[in-house]
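In what follows, a single structure is set out as structure tokens and then discussed.
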Amino acid sequence: MTQIRRQVVITKAGGPEVLKVQESPLPQLNKDEVTVAVAATGINFADILARQGLYQDAPSMPCTIGYEVAGTVTHVENTAHEHWIGKRVFGLTHFGGYTSHINIPIHQVFDIPAHLSFEEAASIPVAYLTAYQLTVVMGQLTDSESVLIQNAGGGVGLAILDIAKHIGATTIGTASSRKHSFLKDRGLSHAIDYNTQDWVHELHKLTDGRGVELITDPLGGKNWQASFKSLRATGRLGMFGISEASATGLKGKLKLIRTALAMPFFHPVRLMNENKSVFGVNMGRLWHESDKVREWMNELTEGAEAGWVRPHVDKTFSFENAGEAHAYIEARKNIGKVLLIP
Ligand SMILES: NC(=O)c1ccc[n+]([C@@H]2O[C@H](COP(=O)([O-])OP(=O)(O)OC[C@H]3O[C@@H](n4cnc5c(N)ncnc54)[C@H](OP(=O)(O)O)[C@@H]3O)[C@@H](O)[C@H]2O)c1
């Protein structure tokens with residue numbers, strides 16, 4: 001019998017009101033895919049940019065986005081995978097995650113650690129894998145170093161904080177001031193309000209003018225130049241987003257152009273002479289490196305079992321209220337993850 005799925009669809013580029021719930025038949029399973037009945041799906045900032053028409057990797061509209069889900073396996077294509085049926089799993093989806101049922105390649109699916117809820121599990125894939133790549137794989141953070149986490153209160157920001165604390169590094173974060181007490185309770189050493197304070201000056205004061213060894217920066221535009229200047233010698237700047245460009249309609253397009261024009265160019269001689277490096281992270285373009293991603297996820301799953309990976313669910317919304325969920329994030333209200341429940 002054909003399975004009917006409910007999906008949240010971006011009907012056209014625009015404000016939160018363009019998100020609509022629609023029904024359609026679930027396609028046949030492809031080779032080595034499993035069907036997951038979704039219990040929770042994570043929202044990421046890229047989804048907001050996709051809805052605004054500002055995310056170049058998004059499918060053409062109308063489309064269903066969503067990079068991560070948690071739920072229960074109901075069907076498998078390959079009989080060798082039958083032991084997965086009935087298992088609680090979470091995983092990465094190459095779009096299509098805002099759905100009640102989805103077919104996912106088996107190599108993108110992972111067992112949920114026993115003590116985690118579906119909501120907590122759906123909060124892990126994008127935020128923690130991005131954080132792991134930024135902090136451990138490419139950032140190479142050590143316990144004698146300091147990290148500046150830009151946008152520390154977001155899903156990725158909290159994940160970087162967990163990992164940096166596990167490493168034993170000193171943690172400094174930028175966030176709206178109403179998120180500071182939460183961040184300090186989670187173990188952030190110093191919080192800076194980047195909306196009302198000159199964060200460069202505050203960081204300078206906190207580090208006796210030396211700067212920090214790692215900066216993780218999803219803001220983009222001219223902020224990357226300021227972050228680069230705030231690195232200590234041997235420092236690394238990890239760039240992974242353009243939150244600064246976020247806005248709907250013509251304003252969004254103009255902000256995107258402004259953000260792109262303000263991006264710095266890093267001359268090799270300058271990198272050499274200042275003993276600094278820069279790198280970029282885009283989890284949405286690592287589908288061909290599933291072995292690496294599985295290895296990182298295994299570390300993170302062990303971290304969840306050991307207690308240092310602590311996914312924080314801020315709020316859940318029904319599919320019908322997906323627009324409210326997007327508006328909530330755009331209004332900067334979230335601390336950690338916001339999820340949709342089919
Ligand atoms: N490259 C990758 O692979 C990858 C993967 C995941 C995420 N990202 C990027 O990382 C960033 C954070 O993602 P996330 O999912 O962690 O975000 P999130 O949880 O949705 O966090 C949103 C937060 O971003 C802050 N923010 C900064 N500038 C903003 C703006 N112009 N409009 C609205 N909010 C703004 C706000 O916190 P404050 O109140 O503190 O300002 C807001 O609460 C995004 O740029 C995203 O695209 C990249």
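The values are calculated or read from the model by the stated rules, or taken from the named source; none is laboratory data. Since this is a predicted model, take the numbers as computed values, not measurements. Cβ coordinates were reconstructed from backbone atoms using ideal geometry, including for glycine residues, and neighbour counts include every protein chain displayed. All accessible areas refer to the heavy atoms of the entire protein, side chains included, with ligands and DNA or RNA removed. Shrake-Rupley method; radii C 1.70, N 1.55, O 1.52, S 1.80 Å.
Brief remarks on what is shown
- Some residue of the range 12-29 being buried (at least 16 other Cβ atoms within 10 Å of the Cβ) and among the polar types (S, T, N, Q): no
- Residue list for the range 132-154, filter: without any contact (Cβ under 8 Å) to a residue 40 or more places away in the chain and closer than 18 Å to Ile329 by Cβ: Ala152
- Residue pairs whose Cβ atoms lie under 8 Å apart, sitting 6 or more positions apart in sequence or on different chains, and linking a residue in the range 238-256 that is more than 30 Å from Gln140 (Cβ to Cβ) and part of a loop (DSSP other than H, G, I, E, B) to a partner that is aromatic (Phe, Trp, Tyr) and more than 10 Å from the ligand (Cβ to nearest atom), do not occur here.
- Of the set (1) among the hydrophobic types (A, V, I, L, M, F, W, C); (2) more than 15 Å from the ligand (Cβ to nearest atom); (3) open to solvent by less than 40 Å² (accessible area, probe 1.4 Å), all apply to Leu206 but (3).
- With respect to the conditions (1) within 15 Å of the ligand (Cβ to nearest atom); (2) surrounded by fewer than 16 Cβ atoms within 10 Å (Cβ to Cβ), Glu320 falls short on a single one, namely (1).
- Sole residue being more than 10 Å from the ligand (Cβ to nearest atom) and either open to solvent by less than 50 Å² (accessible area, probe 1.4 Å) or in contact (Cβ under 8 Å) with a residue 40 or more places away in the chain (or both), chosen from Gly157, Gly168: Gly168
- The range 259-279, subset in a loop (DSSP other than H, G, I, E, B) and without any contact (Cβ under 8 Å) to a residue 40 or more places away in the chain, residue most open to solvent (accessible area, probe 1.4 Å): Phe265
- Candidates Trp308, Trp287, Trp296, filtered to the one that is of a type in the set (Phe, Trp, Tyr), open to solvent by less than 70 Å² (accessible area, probe 1.4 Å) and away from the ligand (no atom under 16 Å from the Cβ): Trp308
- Filtered residues of the range 110-131 (kept if buried (at least 24 other Cβ atoms within 10 Å of the Cβ) and either of a type in the set (Val, Ile, Thr) or part of a strand (DSSP E or B) (or both)): Ile124, Val126, Thr130
- Residues that are touching a strand residue (DSSP E or B) at 6+ places or on another chain (Cβ under 7 Å) and not hydrophobic (A, V, I, L, M, F, W, C) within the range 28-45 comprise Asn30, Asp32, Glu33, Thr35, Thr41, Gly42, listed in sequence order.
- Top-ranked residue in the range 52-69 [being open to solvent by less than 10 Å² (accessible area, probe 1.4 Å) and touching a Ser or Thr at 6+ places or on another chain (Cβ under 8 Å); ranked as nearest to Lys255 (Cα to Cα)]: Gln52
- From Ser144, Ser181, Ser189, residue being open to solvent by 30 Å² or more (accessible area, probe 1.4 Å), at pLDDT 95 or above and within 15 Å of the ligand (Cβ to nearest atom): Ser181
- Residue ID - farthest from the chain's Cα centre (by Cα), chosen from residues in the range 323-335 that are open to solvent by less than 20 Å² (accessible area, probe 1.4 Å) and more than 7 Å from the ligand (Cβ to nearest atom): Gly323
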